[in-house]
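What follows is a set of notes on a single structure, which appears directly below.
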Amino acid sequence: MQQKNIILSLIFVIIFLFGSILFLLFFKNTAPLQESPIYPPIDDLFPKDPPQVPPYKNSCQITNCHGSNIVCEKVEELLMCDMSFQIDDTCRQLVTCQESSSGCEVKKDPLFEECLDCVEKCKKQSDPEKSFNCASLCVDIKNTKSPQENNQSEAFPPTDETILPSMEGSGSSF
C-alpha cells in the first residue's frame, strides 16, 4: 500500500512538472503586464499642434439677441443668447450681416420691412398665443404679399378665426 502511495505521489509530481513546463512555454512570449499601457500616451491627449483659430474670430455677426433693431459688429467671441423667443424676433431670419469696405453692416431682405409691419399688426391680437401664431406666418414669403397679389379672399395678417379655427363639434377635448 505504501508503494502505491509513492507511485501515485511520483505520478502527481511528474504531471505537475509537465504542466508547469507547458504553462511556461505557453506564456513565454507574452509581455509582462507593466509594459502594456493602460492609458493612451500623453502625446495623444495633448497634441503638439496649436489649436486653430475659431471661424467666428473677427467675423461680422449679429451682436444682439432679440428684437427687430439688429446690430452687426465684428466679434472676438460667439454671442450666447438665451433660448427665449420674443414676437419681435420673428423677422430676424430675413437679416444677415455683411462685411463691406466701411466695416460690418446689416443686410436686410427686401421683405424685412413688410414682415415687421405684419408682426406689428399681429401684436394687436388679444390672445398672446394667437399673436405668436400670426407672427410666425409673417415670415412666409408668399403670405407677406397682399391678398390681391396672392389671390386670397381673406386679409393678412389672419384674424383670430383663421389662425385657430373653432374646435366646437370636432370631438376634441383638451
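Values quoted throughout were computed directly from the atomic coordinates according to the rules given, and no laboratory measurement underlies them. Please read these numbers as outputs of a predicted model, since none were measured by experiment. Virtual Cβ from ideal backbone geometry, glycine too; neighbours counted across all protein chains shown.
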Completion exercise
The lone condition CYS118 fails out of (1) assigned to a helix (DSSP H, G or I); (2) out of contact with any Ser or Thr (no Cβ under 9 Å at 6 or more places or on another chain) is (2)
Handout entry: Residue check for VAL71: out of contact with any strand residue (DSSP E or B) (no Cβ under 6 Å at 6 or more places or on another chain) and either surrounded by 12 or more Cβ atoms within 10 Å (Cβ to Cβ) or within 17 Å of CYS134 (Cα to Cα) (or both)
Key = yes
Exercise for the section: With the condition kept exactly as written, say whether any residue in the range 87-104 is part of a loop (DSSP other than H, G, I, E, B) and touching a Cys at 6+ places or on another chain (Cβ under 9 Å). Expected result: no
